[in-house]
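Take a look at the structure below.
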Amino acid sequence: MALDGVFLRHLKEEIGTSLLGTRVDRVFQPNRDELILAFRGFSAAYKLLISARANSARINLTTIPVENPQQPPMLCMLLRKKLQGAKLLEITQPDLERALMLKFDSVNELGDHVELTLAVEIMGRYSNIILVDENGKIIDALKRVDAEMSSERLVLPGLLYRLPPPQDKLSMLTCTVEEIMARIDALPRDMELSKALMSVLQGISPIIAREVENNAGLGHEVYVKSMTPPQRRRTEMYVTTLMETAKNVSGTPHIVIDPQNKPKDFAFMDIRQYGSAMTVSEKKSFSEMLDAFYAERDQIERMRVKSQDLLRLLANHADRLSRKIANQQAELSACAERDTLRIKGDLLSANMYAIQKGETSVKLQNFYDENLAELEIALDPALTPQQNAQKYYKNYRKAKTAEEKLTEQIGLAQTELTYIDSVFESLALAENERDLNEIRAELAEQGYVRRKAGKKNQKQPALSAPLKFKTSDGFTVLVGRNNRQNDKLTMKDANNNDIWFHTKNIPGSHTVLVTDGKAPTETAMEEAAVLAAQHSRAKDSAQVPVDYTQIRYVSKPQGAKPGMVIYVQYKTVYVDPTAESKAKQQS
């Protein structure tokens, strides 16, 4: 991971400059893997984010607002009891390990001052946040580790806190460059210089090791057993620079951006290994850079965690409906031979004189066939010819009725499956807790989710406003966030002359181009169509069909589920949702 020991050393310095001597004002736990400590100093307030999430573990000052649950988790309540009002005395880091110890001066229930330590371990999927008392014993941890989970290190209340076992690597804070090169030379096999550095040095990430190799080899791969003298000299020079950066905490935050303008990597030094394939820019602070790097990823992850129960519910319903449709279609296929049953009944009725009771089958000329071919008909020997004919007629009527019912039921099930598909898309577009609550309320109205006890007659909260965009030539475009909002936008709020957009046969948001009585421009129409595609399941496709028509031609069938409409007199346009949108979102 890019957040290595040297990077964490820079973060320690940055956090300490702002927070040492300040007191914890509030403690929040937005989700199971994150804590936020709000500090208040004499002249400013700060928020410290501590994340133990496997793919984004970190600690940094943050300005990004985060929604908190109405009921705080148990650990959050414990930390509020122990740390609120506590003064941050010191932040330490063992060598270049990926761990910070935040030491607080706190006051216990008896009014005595005690020293508490919040151990923050940034170690990928093993990341943890552990509260330790003045005697070095664990009070509690974000992730408890028992004997079934690990045989090397237990993390449980009451046990003495121990750091994770150290690796056999050199610390750049205490070793020399000669020791580093000697350790590299002693490696048992030939390997790339970057991998050798990773195996020898504590506290560096792959991107830093690759950068040293890139500089030593002038853009070419370097192998430790076949280094040329110039390559060795450059390696020693860049390792020396790396050591000085670590010791003096003199690095600068740099973020790597890919061609799609998405954060790719970050480091405490300038990165040149990607050449012109990536853009590297310097940020004002390490905390600001981490906020920028993880903002989108964290938002997606937070919403994923909070929407897991709804996703599971919808997946179960979708699976049940798919199996039901498959079974009914198999039954419907069996009804396809119903006309043959009627024909056999007709042939038996017309040939009563030629059939004797007790026969098990009879061959009769099929007058419905243009070639008058013979058709063999199975008979029940216990029945008279007339009763056999009536039996075929009865089975024909039964098959015909079954076909009608099955066709109707399959249609209803497919409609319900389409609706569930649309809710899946609403969940994918949800940006915050309020969006999720609106989707939950919609599912409760439709009977998919049980209403909470005592909430049956409670008034539903007002819907949030749709997303609002402004086209490059000044027209307003509104985009629904979920099905209930889609209904309100299309059926109540929009004017008859406004233009309605929706991806063709693809789940997505209702999109309305507000005309205000003016004729919409081609530019506005195109940008609105792109927005409709971008807020649909086809947002990552290259060419997406989008239907559009005036609102007057959009209607909602009686009894239809939220978001389900029909429309006529429409046209279709193909757009590329992956292109940069010219319409800008409004607050």
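The values are calculated or read from the model by the stated rules, or taken from the named source; none is laboratory data. As the structure is a computational prediction, the values presented were derived from the model and not from experiment. We place every Cβ from the backbone using ideal geometry, glycine too, and count neighbours over all the protein chains shown. For accessibility, only protein heavy atoms count, side chains too; no ligands or nucleic acids. Shrake-Rupley method; radii C 1.70, N 1.55, O 1.52, S 1.80 Å.
Which condition number in (1) out of contact with any Pro (no Cβ under 8 Å at 6 or more places or on another chain); (2) in contact (Cβ under 8 Å) with a residue 40 or more places away in the chain; (3) closer than 22 Å to residue 15 by Cα is the one that residue 163 fails?
(1)
Can you tell me which residue in the range 277-333 is most open to solvent (accessible area, probe 1.4 Å), limited to those that are touching a residue at least 12 places away in the same chain (Cβ under 8 Å) and among the hydroxyl-bearing types (Ser, Thr, Tyr)?
279
Starting from the range 574-587, keep only residues that are free of Cβ contacts under 8 Å to residues at least 60 places away in the same chain and under 21 Å from residue 514 (Cα atoms), then list their pairs with residues that are of a type outside the set (A, V, I, L, M, F, W, C) and loosely packed, with under 12 Cβ neighbours inside 10 Å whose Cβ atoms are within a distance under 9 Å, requiring at least 6 positions of separation or different chains.
From residues that are free of Cβ contacts under 8 Å to residues at least 60 places away in the same chain and under 21 Å from residue 514 (Cα atoms), the pairs are 574/543; 575/543; 577/540.
Please state which one of 404, 416 is surrounded by 13 or more Cβ atoms within 10 Å (Cβ to Cβ), part of a helix (DSSP H, G or I) and modelled with pLDDT of 85 or more.
Exactly one of 404, 416 is surrounded by 13 or more Cβ atoms within 10 Å (Cβ to Cβ), part of a helix (DSSP H, G or I) and modelled with pLDDT of 85 or more, namely 416.
Please enumerate the residues belonging to the range 75-100 that are under 29 Å from the mean Cα position of the chain (by Cα), farther than 30 Å from residue 169 by Cα and open to solvent by less than 40 Å² (accessible area, probe 1.4 Å).
Passing the criteria: 75, 76, 79.
How many of the residues making up the range 257-276 are at negative phi, surrounded by fewer than 17 Cβ atoms within 10 Å (Cβ to Cβ) and small (Gly, Ala, Ser)?
1
Which number in (1) under 30 Å from residue 292 (Cβ atoms); (2) open to solvent by 30 Å² or more (accessible area, probe 1.4 Å) marks the one condition that residue 211 misses?
Single failed check for residue 211: (2).
Does the range 223-241 include one or more residues that are surrounded by fewer than 18 Cβ atoms within 10 Å (Cβ to Cβ) and outside any helix (DSSP H, G or I)?
For the range 223-241, residues surrounded by fewer than 18 Cβ atoms within 10 Å (Cβ to Cβ) and outside any helix (DSSP H, G or I): present.
How do the pairs read when you match residues in the range 426-451 that are of a type in the set (Gly, Ala, Ser) with residues anywhere that are surrounded by 16 or more Cβ atoms within 10 Å (Cβ to Cβ) and not in a helix (DSSP H, G or I), using Cβ under 6 Å and keeping only pairs 6 or more apart or on different chains?
Partner pairs satisfying both residue conditions: 426/482.
Starting from residues that are over 13 Å from residue 386 (Cα atoms) and under 60 Å from the mean Cα position of the chain (by Cα), keep the ones in the range 340-361 and report whichever is surrounded by the fewest Cβ atoms within 10 Å (Cβ to Cβ).
In this case the residue turns out to be 340.
Is it fair to say residue 364 is touching a residue at least 24 places away in the same chain (Cβ under 8 Å), of a type in the set (A, V, I, L, M) and open to solvent by less than 80 Å² (accessible area, probe 1.4 Å)?
Taking the combined requirement at face value, the residue does not satisfy it.
Taking the condition more than 35 Å from the chain's Cα centre (by Cα), free of Cβ contacts under 8 Å to residues at least 12 places away in the same chain and farther than 22 Å from residue 31 by Cβ, does residue 148 pass?
Here the answer is no, as residue 148 does not meet what is asked.
For the range 367-382, give me each residue that is out of contact with any Asp or Glu (no Cβ under 7 Å at 6 or more places or on another chain) and either open to solvent by less than 40 Å² (accessible area, probe 1.4 Å) or of a type in the set (Ser, Thr, Tyr) (or both).
Within the range 367-382, 368, 377 meet the criteria.
For the range 39-68, give me each residue that is free of Cβ contacts under 8 Å to residues at least 40 places away in the same chain and either surrounded by fewer than 15 Cβ atoms within 10 Å (Cβ to Cβ) or part of a loop (DSSP other than H, G, I, E, B) (or both).
40, 41, 42, 43, 44, 45, 65
Test each condition in (1) surrounded by 15 or more Cβ atoms within 10 Å (Cβ to Cβ); (2) touching a Ser or Thr at 6+ places or on another chain (Cβ under 8 Å) for residue 569 and report the one that comes out false.
If we test residue 569 against (1) surrounded by 15 or more Cβ atoms within 10 Å (Cβ to Cβ); (2) touching a Ser or Thr at 6+ places or on another chain (Cβ under 8 Å), just (1) comes out false.
The rows are residues; the columns are (1) among the basic types (Lys, Arg); (2) modelled with pLDDT of 95 or more; (3) touching a strand residue (DSSP E or B) at 6+ places or on another chain (Cβ under 8 Å).
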residue: 91; (1), (2), (3): no, yes, yes
residue: 101; (1), (2), (3): no, yes, yes
residue: 108; (1), (2), (3): no, no, yes
residue: 119; (1), (2), (3): no, yes, yes
residue: 125; (1), (2), (3): yes, no, no
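Kindly indicate whether residue 244 is under 22 Å from residue 198 (Cβ atoms) and touching a residue at least 40 places away in the same chain (Cβ under 8 Å).
no
For residue 72, indicate whether it is free of Cβ contacts under 8 Å to residues at least 40 places away in the same chain, farther than 24 Å from residue 12 by Cα, open to solvent by less than 70 Å² (accessible area, probe 1.4 Å) and in a loop (DSSP other than H, G, I, E, B).
no
Do we find that residue 16 is in contact (Cβ under 8 Å) with a residue 40 or more places away in the chain, closer than 21 Å to residue 247 by Cα and in contact with a Lys or Arg (Cβ under 6 Å, 6 or more places away or on another chain) in this structure?
Against the criterion (in contact (Cβ under 8 Å) with a residue 40 or more places away in the chain, closer than 21 Å to residue 247 by Cα and in contact with a Lys or Arg (Cβ under 6 Å, 6 or more places away or on another chain)), residue 16 does not qualify.
Search the range 119-145 for residues that are under 21 Å from residue 9 (Cα atoms) and pair each with any residue that is open to solvent by 10 Å² or more (accessible area, probe 1.4 Å) and basic (Lys, Arg) when their beta-carbon atoms are under 6 Å apart and the residues are at least 6 apart or on different chains.
122/98; 123/98; 128/143
Within the range 102-125, how many residues turn out to be under 18 Å from residue 144 (Cα atoms), open to solvent by 10 Å² or more (accessible area, probe 1.4 Å) and assigned to a strand (DSSP E or B)?
Total meeting the criteria: 1.
Among the residues in the range 351-358, are any small (Gly, Ala, Ser), in contact (Cβ under 8 Å) with a residue 12 or more places away in the chain and over 22 Å from residue 399 (Cα atoms)?
Yes, the conditions are met somewhere in the range 351-358.
Right, residue 319: over 36 Å from the mean Cα position of the chain (by Cα) and under 28 Å from residue 403 (Cβ atoms) or not?
It is false that residue 319 is over 36 Å from the mean Cα position of the chain (by Cα) and under 28 Å from residue 403 (Cβ atoms).
Taking the conditions exactly as written (at pLDDT 95 or above and among the charged types (D, E, K, R)), does residue 236 satisfy them or not?
yes
Every residue in the range 151-200 that is in a helix (DSSP H, G or I) and within 36 Å of the chain's Cα centre (by Cα), please.
If the condition is that a residue be in a helix (DSSP H, G or I) and within 36 Å of the chain's Cα centre (by Cα), then 194, 195, 196, 197, 198, 199 are the ones that fit.
I'm trying to understand the selection: among the residues of the range 243-269, which are of a type in the set (D, E, K, R) and modelled with pLDDT of 95 or more?
244, 247
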